[in-house]
Structures are given as structure tokens and as C-alpha cells.
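Input: a single structure, listed below in C-alpha cells.
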Amino acid sequence: DLTGIEGQAANVSELGDLQLTEGVTEAMINAYRMASGDDNLVHVDQAVARSLGLRDRILHGMRTDHLAERALLHGGVERPVHRIGHSRTEFLGVVYPGDTLRAFRAGDPGIGVVTVVNQNDRIVLIRR
């Protein structure tokens, strides 16, 4: 049962600078599924997602993490591989088609903390 994983509330004024905004579409979910080969039914079948307590199919967590990575590098990092090093991603909420994600970065490009929130200011991901 996946009910209750809507993410924790955030005060966006404390998250750093807004780097990127992205709307989540059905096409985005399908494209990531095709590219990754991840055919988990929670991403594919609305009935399965609903049977797990979700309101719809959900975006792949790694696709959400991709937005966080882009926000981390936003602002121009010449050699990101040398600056990023290790990171830890915490998945705190689900992302649905129709959601609008905003990625905030606190710190310098390539080494800061990125927090991704949805349109309801609920944290869905933190990348440190």
C-alpha cells in the first residue's frame, strides 16, 4: 500500500534558488519507460496504481532525479564529473502526470543540495 507518500510540506523560500521548472506529461512517462525498459505496472497501468492507493500512474523516480541532476549543474559547470563526486537521493513523494515540478538548489553548481517540489509545495525528492 503506497498511500500517504505525497511528500512533506516545504517552505520554498528556504530551499535556495529556483533552477528549473518542468511539467510532467503522459508522454514523458511513456518515453522514460521505453528508454529505460522499466515496465513496472505502477508506471504503466492506472488500475494497478490505484489498487496500490495511488491516484494515477507515477513518474519513474530516476526520471525525477534527472531533473535534480540538471538543476544541480544549472549555471554552468565546465567539468561536472570532477565536481559532483558522490550524491545521495531521497525520494520523499510520488509524481503524477499533470504535476509541475520545481527544482531549487542551495549552494554552488555541481556541489549544492537540490530539492524538488510539486505544484503543492510538497517535497518529492532531495539530492545531496
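Tabulated data
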item	result
Highest average packing first - 61-68, 15-22, Cβ atoms within 10 Å	61-68, 15-22
Cα long-axis angle, helix 26-36 against the chain (0 to 90 degrees, to the nearest 10)	80 degrees
Net length gained if the chain between Ser51 and Asn30 were fully extended (0.36 nm per residue, minus Cα distance)	5.5 nm
Value of [θ]222 nm, deg cm²/dmol, for the chain, DSSP H segments ≥ 4, -39500 (n - 2.57) each, nearest 500	-8000 deg cm²/dmol
GNM top mover of Glu26, Glu69, Glu14 - the chain, alpha-carbon springs below 10 Å	Glu14
Nonlocal amide H pairs with Val124, under 5 Å, H built at 1.01 Å	Val116, Val117, Asn118
Gyration tensor (Cα) of the stretch 19-60, equivalent ellipsoid semi-axes in angstrom	19, 14, 7
GNM result for the chain, Cα springs below 10 Å: residue of Ala49, Ala31, Ala103 fluctuating most strongly	Ala31
Backbone N under 18 Å from the Leu18 label point (7 Å along Cα→Cβ), restricted to the stretch 103-128	103-107, 114-125
Heavy-atom accessible surface of the stretch 21-69: percent carbon and sulfur, 1.4 Å	54 percent
Residue with peak Gaussian network fluctuation, the chain [Cα springs, cutoff 10 Å], from Val94, Val48, Val116	Val48
Value of Rg to Rh for the chain (Rh from inverse mean 1/r over Cα pairs, i.e. Kirkwood)	0.98
Average accessible area per residue (Å²) across the chain - probe 1.4 Å, nucleic acids and ligands excluded	54 Å²
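The values are calculated or read from the model by the stated rules, or taken from the named source; none is laboratory data. What you see is a predicted model, and the numbers here were worked out from it, not measured in a lab. For neighbour counting, all protein chains shown are included, and Cβ atoms are generated from backbone atoms with ideal geometry for every residue, glycine included. Protein only, heavy atoms only, side chains kept; ligands, DNA and RNA dropped before computing areas. Shrake-Rupley method; radii C 1.70, N 1.55, O 1.52, S 1.80 Å.
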